[in-house]
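*Asks:* Can you keep this structure in mind? I'll have questions shortly.
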Amino acid sequence: MRDSLIAITGATGNVGSRVAKLLAARGERQRLIVRDADRAPQLEGAEVSVVSGYAATDELRRAVQGAETVFLIPAHESATRVAEHASAVDAIVAAGVHRLVYLSWVNASPDLVFTFGRHHFATEQHIRASGIPFTFLRMPFYVDVIPSLVGADGIISGPAGDGRVAAVLRDDIAESAVATLLGEGHVGKTYNLTGSEAFTFTEAAKVMSRVSGKSIRFHNETMDEAYASRAKYGAPDWEVDGWVTTYAGVAANELSRVSDDVRILTGREPGSLTRYVETNPDSLAHVVSSPAPE
Ligand SMILES: NC(=O)c1ccc[n+]([C@@H]2O[C@H](COP(=O)([O-])OP(=O)(O)OC[C@H]3O[C@@H](n4cnc5c(N)ncnc54)[C@H](OP(=O)(O)O)[C@@H]3O)[C@@H](O)[C@H]2O)c1
């Protein structure tokens, strides 16, 4: 155990709570930054600080005061997400934190097809410009969310074409994050936290069919079909763009690169979609389609 304090934002969420549990298991000093204390993970030795959100710069500055390192989890997607991230970074810098570890997006750039991915580029730029020592952990889609893309009818619908996704487990992100939070030599580094294989949605559907015994397939929508099929939700344009380009970014192979970084950081191979569905059969419980043909 080290003496320095690590602050974890988004500690009520999937990745933040995993990181917090791993740090607690090692007896590390940590402060969980949450929006609702009642939902903070109950962990031995962890302090809890409540902040209303990333936009509350002064609250967050006070909450991270004294931390040597902050792990910044990106905010829920919104029209103001980039400004929220900038506010969070400003707070962390103003508090005198020594290093910021940010959970970013693979290939972060201003012209990504995947519109939500562009938010991560803007945030990385803001972090670089601030001068704070940083580590970027870039993620593609979570393996864990792939089953949730399957409709109750067994169909994954979206304009993803034959693009490939090197999806990664949240568990592997958390373990890699802990390695960079506790280890030396990660300042200024960008890691691509991917799985060990990149699959098309057609291949993902086959894997999920085989493991679950349900009939699951991929329907490659055109962009027009994708916008039309999502219009019924009445969501704002920025959100529908994000949903549709989730798939269009795959078609453009923005998430296809396989990296060794999870293995390098954790010392073991990343988990696969097959293994995830085998060990989490409930992830496809919502699919009511007939059994896959033999
Ligand atoms: N790679 C992927 O496939 C994928 C999929 C979905 C999302 N993501 C992105 O990756 C992030 C982490 O993933 P996850 O699975 O851990 O997400 P998650 O379970 O939704 O957790 C997000 C965490 O961030 C906190 N948060 C969100 N917006 C905030 C804000 N404006 N100010 C302060 N705290 C905020 C949430 O707090 P509350 O509990 O109070 O809401 C929660 O603790 C997500 O937030 C999202 O940006 C990635």
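The values are calculated or read from the model by the stated rules, or taken from the named source; none is laboratory data. Since we're looking at a predicted model, the values are computed, not measured. Heads up, the Cβs are rebuilt from the backbone with ideal geometry, glycines too, and the neighbour counts pull from every protein chain shown. What goes into the accessible areas is simple: the full protein's heavy atoms, side chains included, and nothing from ligands, DNA or RNA. Shrake-Rupley method; radii C 1.70, N 1.55, O 1.52, S 1.80 Å.
*Asks:* Looking at (1) within 30 Å of HIS98 (Cα to Cα); (2) open to solvent by less than 40 Å² (accessible area, probe 1.4 Å); (3) within 14 Å of the ligand (Cβ to nearest atom), which one does ASP171 not meet, given that it meets all the others?
*Replies:* For ASP171, the exception is condition (2).
*Asks:* Looking at (1) open to solvent by 50 Å² or more (accessible area, probe 1.4 Å); (2) within 21 Å of ARG170 (Cβ to Cβ); (3) out of contact with any helix residue (DSSP H, G or I) (no Cβ under 8 Å at 6 or more places or on another chain); (4) away from the ligand (no atom under 12 Å from the Cβ), can you tell me which one ARG35 breaks?
*Replies:* (4)
*Asks:* Also: I'd like the residue in the stretch 105-141 that is in contact (Cβ under 8 Å) with a residue 60 or more places away in the chain and not aliphatic (A, V, I, L, M) and, out of all such residues, is surrounded by the most Cβ atoms within 10 Å (Cβ to Cβ). Before you say what the answer is, go through the steps one by one.
*Replies:* Of all residues in the stretch 105-141, those in contact (Cβ under 8 Å) with a residue 60 or more places away in the chain come to 106-107, 112-117, 140-141.
Applying the additional criterion that residues be not aliphatic (A, V, I, L, M) yields 107, 114-117, 140-141.
Details: ASN107: 21, PHE114: 25, THR115: 19, PHE116: 20, GLY117: 25, PRO140: 28, PHE141: 21.
Once the filter is applied, the top-ranked residue is PRO140.
*Asks:* Specify which of the listed residues (SER4, SER17, SER52) is outside any loop (DSSP other than H, G, I, E, B) and either within 11 Å of the ligand (Cβ to nearest atom) or open to solvent by 20 Å² or more (accessible area, probe 1.4 Å) (or both).
*Replies:* Working: SER4 fails: outside any loop (DSSP other than H, G, I, E, B); SER52 fails: outside any loop (DSSP other than H, G, I, E, B).
Of the residues listed, the single one that is outside any loop (DSSP other than H, G, I, E, B) and either within 11 Å of the ligand (Cβ to nearest atom) or open to solvent by 20 Å² or more (accessible area, probe 1.4 Å) (or both) is SER17.
*Asks:* May I pose another question? Which is farther than 30 Å from THR245 by Cα, at pLDDT 95 or above and within 13 Å of the ligand (Cβ to nearest atom), of LEU103, LEU60, LEU72?
*Replies:* LEU60
*Asks:* So, one more: Of the residues ALA91, ALA79, ALA55, only one is of a type in the set (A, V, I, L, M, F, W, C), out of contact with any strand residue (DSSP E or B) (no Cβ under 6 Å at 6 or more places or on another chain), under 26 Å from LEU22 (Cα atoms) and at pLDDT 95 or above; which?
*Replies:* ALA91
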